[in-house]
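The values are calculated or read from the model by the stated rules, or taken from the named source; none is laboratory data. The shown structure was predicted, so the numbers you read here are calculated from the model rather than taken from an experiment. FYI the Cβ positions are ideal-geometry reconstructions off the backbone, even for glycines, and counts take in every protein chain you see.
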Amino acid sequence: MKGFGDNKNINSDKINNVKKNKDLFLKNKLDLAKSYLLSGDVLQAKKVYSQLINKGITSYKLLFSYALLSRNCSEFKFAKELLILSISRYPNQVDHYILLAEILRLEQDFSRAQELLLTACKINPRNSNSLYNLSLLYRDLNNIKEALNTINNAIKLAPTNHIYKLLKADLFKDLGNFNESTLILLDLYSDKNIKDKKDILLMLSSVKRLDNNFNEAEKILLETIEKYPNFGQAYLNLSDLYFDNKLSIKAKEIALKGINTNPEMPEILVNLGFICRNLGEIEDAKKYLLKALSMNKKLFKCYMNLSTFYDFSENPRELEYLMNVPIDGLNQEDIVRVYFSRAHVCHSQKNFFEAARNYKLANDSKSILYPSNKTRIIEKSMIIKEKFFNEKEELNNFNETNPDLIFIVGMPRSGSTLLENIFSLNQDVVDLGEIEILPDIMDQQVPFNKEFNPYIEYIDQVKKLHPQAKITTDKNLFNYRFCPVLDKYFRNTKMILCLRNPLDNILSIYRSNFTKVTFSTNIKDIAELYVHHYELMKLYAETYRNSLFIYNYDELVTNPTVQIRKIIDWLGWDWSEKYLSPHKSKRSVFTASSEQVRNPIHSNSVRGWEKYRDLLEPAFPYISKNKDLRRYLDY
């Protein structure tokens, strides 16, 4: 006869057997999902995870694995829901805090990400991965000192982890301490325990690139490709290196080699699209970017680039996805790209109301990433004016071996690229593009001393880049701030101010996805800076009338023959009809106007602002206060 104790043992065994069966079932299902992932079948893996969740199974391993897969698929919203559930069920685990913090960091929610990582550090102070991710967060917050302290603590806990040392090298690179970064990377490269050294070589080339050592950066990348011939990222980085140095043909050649070696790497196709666009090969650009999208529909930078010259009329599926993709769950940069892309498409469809709405959403979203630099630009302008404008001393540094210098100045999107294209038809001209030589020289000379002479250093740097140049064009538009400096120190120099209908100019800036021109996110800031620049340049134009020419974009596109001739005559060049066809220039164009300048001169954009009158209303008070500019509101 069985007693009560025997019955309890039997029930306990049954319960244990049921639990073992459930655990085995879950293990087998998770193993199945893992096998699908290893074979590249993401959809089947998702299906397995979803079925388990629907059965009410919420084990830590399931929730974390499903969240990790969702993160990898950029499905951030769902990944966060899974991780929040996991944290509520298993608060003493660490990895789900780290993964959730990583997603929030990508979404620029830094305070919540930091809170989660600090919680993970409290739960397990010896978890080096928490510190590693905390270091990444501090780097994103531009707190490099704290990032270094944190990664040093991670390295103490895991001294053989070379990924942590790579981050340390990267942080020194961010600080501009290239020697320290190089020492760490060379030490890692010599470590025999590290078998795969591709990432080390990539970072070493990046350090050399930032240190303006083009030859060393190129050499390292070529050696990387030779050693790892199937390593697509090396081709991508080398293509970028050539592209940044305006070697567009070489950039295209290496990108084509990269895609032949790595046909399933859409990022190289994206590069090819950008390069071809800048070379004026618009159909090829479209082909490569659309192919990249066919491989990864979430490459929103493809949409961003394509939408500036293509309306997707022949690709309705891609257009449908762009116009309806949920914004929730995208990182902030992709949100900006989606809104700009939608706005460009609406503009091309002449749906200006929807275009305006999306341009505002794009710029409002971008302002989170890039605070306006309007005040800093104005302050720098006034410091230069105060220091140099009233100085009458002229310094003659000219000698016959130095090139003639042309500085194209003004506001962005004022017709400067068209002007640069016209000049490029003179075979003696070397266009320097939007180079930072003069601003960097001026930044290094604060406070200014009596021995300060920016011309000598400027010429030295230009000659290093182009030793045989006879004439150079510098199109860093914000050099307008330095007109008094140019007049005092630069004897063989001409300045050309680009002007355009202020409202067309403001709208064009607002419609462009600039990242360095961060005042572009706010109509009021653009208008205020436009008026400031106009009033300052009016003073400079009157003072430096012998060396400063005012080029009006609207007048040129309306009457190109007369206006282009005026500019060429003022420069003292021999006239040629070729200057009337700048769209035939073969030069690469590296600005937002790279596609527009491939078309013959036209006046289609003149007074285009009227289609966006409501959007531009915040600019009206600034424009109306200036007696010269208010006439544009009276049309």
task = Look through segment 155-194, keep the residues that are within 25 Å of residue 142 (Cβ to Cβ) and aromatic (Phe, Trp, Tyr), and return whichever of them is surrounded by the most Cβ atoms within 10 Å (Cβ to Cβ).
result = 164
message = Given the criterion within 28 Å of residue 101 (Cβ to Cβ), modelled with pLDDT under 90 and part of a helix (DSSP H, G or I), identify the matching residue among 26, 63, 52, 68.
response = 26
key: segment 447-473 - residue that is within 25 Å of residue 215 (Cα to Cα) and basic (Lys, Arg) and, of those, modelled with the highest pLDDT   = 470
note = Quick count over segment 204-221, residues being in contact (Cβ under 8 Å) with a residue 24 or more places away in the chain and either touching a strand residue (DSSP E or B) at 6+ places or on another chain (Cβ under 6 Å) or not in a helix (DSSP H, G or I) (or both), is 1
request  = Go through segment 266-292 residue by residue and tally those that are in contact with a Ser or Thr (Cβ under 8 Å, 6 or more places away or on another chain), part of a helix (DSSP H, G or I) and closer than 23 Å to residue 584 by Cβ.
outcome  = 3
Tally of residues being part of a helix (DSSP H, G or I) and within 21 Å of residue 539 (Cβ to Cβ) across segment 616-632 = 6
remark   = Restricting attention to segment 462-473, the residues that are farther than 13 Å from residue 435 by Cβ and part of a helix (DSSP H, G or I) number exactly 1
inquiry  = Conditions first: (1) touching a Lys or Arg at 6+ places or on another chain (Cβ under 9 Å); (2) not in a helix (DSSP H, G or I). Residue 263 passes all but one, so which condition is the exception?
reply    = (1)
task = Go through segment 327-361 residue by residue and tally those that are acidic (Asp, Glu) and either touching a Lys or Arg at 6+ places or on another chain (Cβ under 6 Å) or under 16 Å from residue 510 (Cβ atoms) (or both).
result = 2
query = Counting just the residues of segment 430-479 that are acidic (Asp, Glu) and touching a residue at least 60 places away in the same chain (Cβ under 8 Å), which one comes out farthest from residue 374 (Cα to Cα)?
reply = 431
ask   = Any idea which residue in segment 61-97 is farthest from residue 117 (Cα to Cα), counting only those that are in contact with a Lys or Arg (Cβ under 7 Å, 6 or more places away or on another chain) and of a type outside the set (S, T, N, Q)?
value = 69
key: Condition broken by residue 189, with the remaining ones in (1) aromatic (Phe, Trp, Tyr); (2) within 23 Å of the chain's Cα centre (by Cα); (3) under 24 Å from residue 172 (Cβ atoms) satisfied   = (2)
message = Anything in segment 528-575 that is among the hydrophobic types (A, V, I, L, M, F, W, C), under 19 Å from residue 606 (Cβ atoms) and surrounded by 14 or more Cβ atoms within 10 Å (Cβ to Cβ)? List them, or say none.
response = 550, 556, 557, 564, 567
note = The helices (runs of 4 or more DSSP H) lying entirely within segment 82-192 that contain at least 2 residues which are closer than 30 Å to residue 211 by Cβ and without any contact (Cβ under 8 Å) to a residue 12 or more places away in the chain are 144-157, 178-189
message = Can you find a residue that is crowded, with 22+ Cβ neighbours inside 10 Å and either in a strand (DSSP E or B) or at pLDDT below 90 (or both) anywhere in segment 474-485?
response = yes
message = Exactly one of these conditions fails for residue 517: (1) surrounded by 16 or more Cβ atoms within 10 Å (Cβ to Cβ); (2) modelled with pLDDT under 95; (3) farther than 19 Å from residue 420 by Cβ; (4) not hydroxyl-bearing (Ser, Thr, Tyr). Give me its number.
response = (3)
request  = Answer yes or no: is there a residue in segment 199-215 that is over 22 Å from the mean Cα position of the chain (by Cα) and surrounded by 16 or more Cβ atoms within 10 Å (Cβ to Cβ).
outcome  = yes
remark   = Among 496, 506, 459, the single one that is in a helix (DSSP H, G or I) and closer than 19 Å to residue 416 by Cα is 506
Cβ pairs under 7 Å, 6+ apart, first in segment 305-331 and in a loop (DSSP other than H, G, I, E, B), second of a type in the set (D, E, K, R) = 308/595; 309/595; 310/286; 312/318; 328/77; 329/75; 329/77; 331/107
